[in-house]
Structures are given as C-alpha cells and as structure tokens.
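Structure first, then comments.
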Amino acid sequence: MGGVGEPGGGSGPREGPAQPGAPLPTFRWEQIRRHDLPGDKWLVIERRVYDISRWAQRHPGGSRLIGHHGAEDATDAFHAFHQDLHFVRKFLRPLLIGELAPEEPSQDGAQNTQLIEDFRALRQTAKDMKLFEADPIFFALLLGHILAMEVLGWLIVYLLGPGWVSSTLAALILAISQAQSWCLQHDLGHASIFRKSRWNHVAQQFVMGQLKGFSAHWWNFRHFQHHAKPNIFHKDPDVTVAPVFLLGESSVEYGKKKRRYLPYNHQHLYFFLIGPPLLTLVNFEVENLAYMLVCMRWTDLLWAASFYSRFFLSYIPFYGIPGALLLFVAVRVLESHWFVWITQMNHIPKEIGHEKHRDWANSQLAATCNVEPSLFIDWFSGHLNFQIEHHLFPTMPRHNYRKVAPLVKALCAKHGLHYEVKPFLTALVDIIRSLKKSGNVWLDAYLHQ
C-alpha cells in the first residue's frame, strides 16, 4: 500500500497526484484533519483522499462550497450535488493523492454507520423509482404561468389605466410572478430539470436574469453553501445574520460577551420592519450587484440589465419614471415578504449553531422541517414545504417529493430521527417565536453572566 501517511507525518510538503498503476498511499483521519486550512484542503470521497487546495478556486460551485467539506467525508454531499457523476469524476482523478487506511472508518468521528448505509440505499431506491427524472410538462407549465402573469400585470395597467386599484392588482400579480420565478430558477440552479447541467444553467440565467434581474452565479454561490451546511454559522449565509439578528447559539455568545448593537430582546418586533420588507429590495439588490461587479460576471450583468430595461420601458409610459419606480419597489417589497416567510419557516425555528460535523442525513434533518402539503401550499411555496426531502435530495425534481416522502419518513422512524411536519400558519408563527426566544436568551446571558 505504500505505507501510511505523507512525508513528514502530515505537516510536510503537499502530496502530488497519484501515479496511474502505482499503489495509493494510505492516510489516517488524524492526518487528514490537519488539512482544513485556507490554501490547504483535503477531503474524502468514497474512501479516496483528494487534495483540492489549488483546484478549489476553479470549482464551479465556488471555493467556499467545496472548502466547507475540508477534512471530512464528502461522499454524500458529492452525490447530492452532482447528477452526472461520470462527468464529474474526471475532474477528481488529477486530485487523487491516496486512500483511507484499511483500518480507518469511512467517516471521521462518532457517526451512525447504519444510518449512512440506509440513507445511501434509500437514495438508490429513489433512483430506481426514477424520482430524479423531471416531467417536462410540469416545468413547461410553470414557466408558462409565470410569463402569463407578467403579461397579465401589464395588460391590467394598459386596459384599466394607472389607477390605484389597477396598480395594486398589477403589483400583486407581478409579485406572485416574481415569487414563482424564484422557485423555477431554484429548480434550475439545482440542475433538477434538464439532464445536461449546461442546459439548466442557461435556462437559470434567463429566469434569474431576464425575469428577475439577479445573477444566477450569485444565487448559486450563496445557496449551495446553505445546502452544504444548513444552519451552520459562517458556512450558511442564510443564518449568518448577526449583529442584526441573533439566532441559535449566537444569542448566548453575544450575551456573555456583553454585545448589544441592537435591542435583541425585541428582535421579533423589528423583524417586521427590516426583515420581510427589505430583504430582496435592499440586501439582495446590493449584494447581487456587488457580486457581479467584483467577480466580473458581465453576462449576468447584461441579463439583469435586460430585466430592468423591460420593466421600466413597459411601465414608464403609464406612470412616468417616479411612478414606475414606485411600482418596482411595491413589487419587490411584496415579493420580499413571500421570500422571507416561505424560505425561513422551515429553518429559523430549527437548530442553529456552529459546525457539528454530522453525517449528511443528520445534518439536513437537524436544520429542516416540513409544512403540511396541499395543492395550494405546494404551488405557493414552490414545494419548499417538503424541505426535508429537498435538502436530502437537492437535485430531485420537486414534483417527486410527495413520492419519496414516505420512504424518508420510514428511514427517520427506523433510526429514531424526528421527521417534523407543521401546519402552515404554525410554521410562520414559529419564526417569530424563535426570534423572541433567542432574544430572551441573549438578554438573560447579558444580564446574568
């Protein structure tokens, strides 16, 4: 086997790629753990050890995404994020430097090996049931009804004039269209519609750019991190929101350190002022533009410009520039409310904290819950009410979540894992309850520790 370890016992020069036909060096987890530093990253996939240090910057999902799995077994994440494994493996070959020593477990730390095996068997069962195959008619109808709402919004103003009633109705319809566009581009970003990743990406650029005015690359950059490490501070951008809001473990940390930038014991109240109304209008717009400029995503910038050109050329003739701007703000604010409530009802009330190095199934279940399904809720939320299934199988087309849900529930029952399903209104209220609880935890730690 060529001996266990690397030159210098793990702190010496970086291993080179494995030579074809030569025995692979073997490594122990204690050696692999040392390689989780900026510019020095190893990871394990199917017991093979890969040095991704130099290649991470070229990773299509971004260096942060792959770097979050540094010094870990990334086998399940690798399968979760990639549809065409045969295509992806050719990029892994030059990075291969060795394999785990025979006596080493496939995962580092205290992992539930049986759960991991059962989850992988479940994934194979889902493949055998063809649950990773998309229904083209389903997604064609989704795109069609989005385009129809865009046209309908304009026709209302054109036929009825720019009065308050017609403008309010148009804003509501356009906001629903924008919400549904979020869902469709989300499907495309996860490569869950077309067999070819390239086709998904091109279609996502159209939906995200022309229909929404945002960068597809920006969305994927932040959203894939969320899926890789949900509800983990400094790895999931969705919960790294301090010092504006304190979630989970950050409440105690801020309290003990006597940090008080805002009245956090009232964050469940000011959430209504700066959370749902302003996320897409302010935070996303600024973050998205900064990303395109800093990362020089000029194609995305042109796509976004095409959205703004279409929107304002369509509505300035009726409202003038100030009125068209007001309509745009109204649509973004309405859309932002939908985005915050729908995307966070499954996550904020769950466990939020620092890295625990759990296996894939445990980490996803700890950070997600479902909302009771119905035809309306399925459509309105873009099937994000099946958040557990979506996080376990991010490339699965959403119309198959109902089919795989009983299998996931059975897996959870077998291993004593909590498969949580809430009524829709309860899930919304739990966001506020969670914020209030975190604020009170902060106040208690601030005053008494």
note = Listed by chain and number, the aspartates and glutamates with an alpha carbon less than 18 angstrom from that of residue 258, same-chain partners under 8 positions apart left out, are 249, 444
request  = Work out the length of the dipole vector of the stretch 26-109 about its Cα centre, built from +1 on the beta-carbon of each Lys and Arg and -1 on the beta-carbon of each Asp and Glu, and round it to the nearest 20 debye.
outcome  = 460
task = Using only the Cα atoms of the stretch 32-81, build the gyration tensor, take square roots of its eigenvalues as a ≥ b ≥ c, and label the shape rounded, prolate or oblate: rounded if a/c is under 1.5, else prolate if a/b is larger than b/c, else oblate.
result = oblate
ask   = Roughly what would the spin-label model give for residue 58 and residue 124, points 7 Å off Cα along C-beta, in nm?
value = 3.3
remark   = Taking Cα atoms, the helix 285-294 axis meets the longest principal axis of the chain at an angle in degrees (rounded to 10) of 50
note = Shape descriptor, the stretch 286-380: equivalent ellipsoid semi-axes (Cα gyration tensor, sqrt 5λ, whole Å, largest first) stand at 36, 21, 12
key: Partner aspartates and glutamates for residue 414 [C-alpha distance under 18 Å; skip if fewer than 8 residues away on the same chain]   = 117, 118, 359, 389
Cα Rg, Dmax (largest Cα-Cα span) when computed across the stretch 61-163, Å = 22.9, 75
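Here is the link list: 127/235; 130/196; 212/350; 130/212; 90/196. Which ones come out longer than 22 Å on Cα distance?
Exceeds cut-off: 127/235; 212/350; 130/212.
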Extension gain from residue 428 to residue 158, taking 0.36 nm per residue of separation minus the Cα-Cα distance = 93.6 nm
query = the stretch 229-274: Rg/Rh from Cα coordinates, Kirkwood Rh?
reply = 0.97
task = In square nanometres and to one decimal, what's the mean projected area of the convex hull around the Cα atoms of the stretch 26-109?
result = 5.1
key: Inverse of mean 1/r across different Cα pairs in the stretch 166-266, Kirkwood, Å   = 16.1
task = Starting from the Cα coordinates of the stretch 112-448, work out the convex hull volume and express it per residue in Å³.
result = 148
key: Residues residue 137 and residue 110, FRET efficiency given R0 of 45 Å [Cβ-Cβ distance, rounded to 0.05]   = 0.45
query = When the helices in the chain are scored as -39500 (n - 2.57) per DSSP H run of 4 or longer and the sum is shared across all residues, what 222 nm value do you end up with, to the nearest 500 deg cm²/dmol?
reply = -17500 deg cm²/dmol
ask   = Rg to Rh for the stretch 303-449: what is it, with Cα atoms only and Rh by Kirkwood?
value = 1.10
inquiry  = Rounded to two decimals, what is the ratio between the C-alpha radius of gyration of the stretch 198-312 and 2.2 N^0.38 Å?
reply    = 1.27
task = Work out, step by step, the length gained on full extension between residue 421 and residue 316: first 0.36 nm times the residue separation, then minus their alpha carbon distance; give nm to one decimal.
result = 33.3 nm
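The numbers here are math on the coordinates, done by the rules we state, and not lab data. All values derive from a computational prediction rather than experimental measurement. Note that each Cβ is placed from the backbone with ideal geometry, even for glycine, and that neighbours are counted across all protein chains shown.
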